[in-house]
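A short write-up of the structure that comes next.
Each reported figure results from applying straightforward, stated rules to the coordinates on display, with no laboratory input. Since we're looking at a predicted model, the values are computed, not measured. All Cβ positions, glycine included, derive from the backbone under ideal geometry; neighbour counts span all protein chains shown.
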Amino acid sequence: MKGFIFKLILCLCVVLNAQNSEDFESFSEIKTYKYFPKKSAYYQIDKVNNSKIVESNYYLNRKLKLKYVFEYNDKGKLIKEFIKYDFEEGYVDLLLNEYKYFYNNNKQLIRKENKTYSEFFSKFNLNNEPQIIIRKGDFGISIPQKEELKYDSKGNVIEERLYFFTGEEDETVEYNKFVYDEYNNIIKIERQFIPEQNFPILITGGRSLFQKEEYSYKYNKQGLWVKKYLTVNGKRKLIEKRRFM
């Protein structure tokens, strides 16, 4: 089970981030197909309630492999993640993570805790957006210990510096710049690393990362994308499709 969960961590993060910027109020289900580079045998079905994803089901060759369930507090913040089905063990009721939130007197979120690590938010801008995030605890090598963020007027992150410490003196810095369209979806990404790294960067369970990427979308009447395209080195290809029900 652990190996399959690890490969889906990136996908799960994308799902949870998407619901922060997209309005799913009119729908109860989202079906997403991935292309690597052709249509994959893997797809996911997300259940939606009050514009929040409350359940994610991952399929391979039309067979259910994993089921996640999410719970939220009255502020819409994620507080619990459960695994309800695992392809090796069948139906289970495993609490994967539990989150706690702490605010200052200005009602700014200053700390977020889960079962293994804590996140500390500071240096808020005029829109109460944190410009520094520091993590402490056990969170693996794929999550940065520190983030420095810059936002546009809509609250989108346009620049980020991610710091990864792999030893007492070893440090990797990832610098990313983002451009968005009118629907607040990313259309350009530019990456740099210190020390320099060779591109593309291979990702377990996902597509490779390129130094420069461009995205384009086909939208429905509600302003939600139903097709997502990636352009790298002048070559454009479909990477995701979504159906809303």
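Points to keep in mind about this one:
- Counted residues, region 174-208 - those being free of Cβ contacts under 8 Å to residues at least 40 places away in the same chain and under 17 Å from Trp225 (Cα atoms): 7
- In region 99-119 there is at least one residue that is closer than 21 Å to Asn49 by Cβ and without any contact (Cβ under 8 Å) to a residue 24 or more places away in the chain.
- Under the condition of being assigned to a strand (DSSP E or B) and among the charged types (D, E, K, R), the residues counted in region 133-155 number 6.
- Filtered residue count, region 116-145, keeping only those that are surrounded by 12 or more Cβ atoms within 10 Å (Cβ to Cβ) and within 19 Å of the chain's Cα centre (by Cα): 17
- Within region 177-224, being among the aliphatic types (A, V, I, L, M) and not in a loop (DSSP other than H, G, I, E, B) holds for Val179, Ile186, Ile187, Ile189, Ile194, Ile201, Leu209.
- All conditions in (1) surrounded by 15 or more Cβ atoms within 10 Å (Cβ to Cβ); (2) at positive phi hold for Asn184, with the sole exception of (1).
- Restricting the search to strands (runs of 3 or more DSSP E) fully inside region 28-132 and requiring at least 2 residues that are under 30 Å from Lys235 (Cβ atoms) gives 29-35, 39-49, 52-60.
- Cβ-Cβ distances below 6 Å connect the following pairs, each with a first residue in region 129-140 that is closer than 14 Å to Thr116 by Cα, a second residue that is surrounded by fewer than 15 Cβ atoms within 10 Å (Cβ to Cβ) and not small (Gly, Ala, Ser), and a separation of six or more residues or different chains: Gly137/Thr116; Asp138/Thr116.
- Residue selection: Glu159 fails the criterion of being in contact (Cβ under 8 Å) with a residue 60 or more places away in the chain, among the acidic types (Asp, Glu) and either in contact with a His (Cβ under 8 Å, 6 or more places away or on another chain) or in a strand (DSSP E or B) (or both).
- Meets criteria (surrounded by 15 or more Cβ atoms within 10 Å (Cβ to Cβ), closer than 28 Å to Phe121 by Cα, under 17 Å from the mean Cα position of the chain (by Cα) and not hydroxyl-bearing (Ser, Thr, Tyr)) for Arg161: yes
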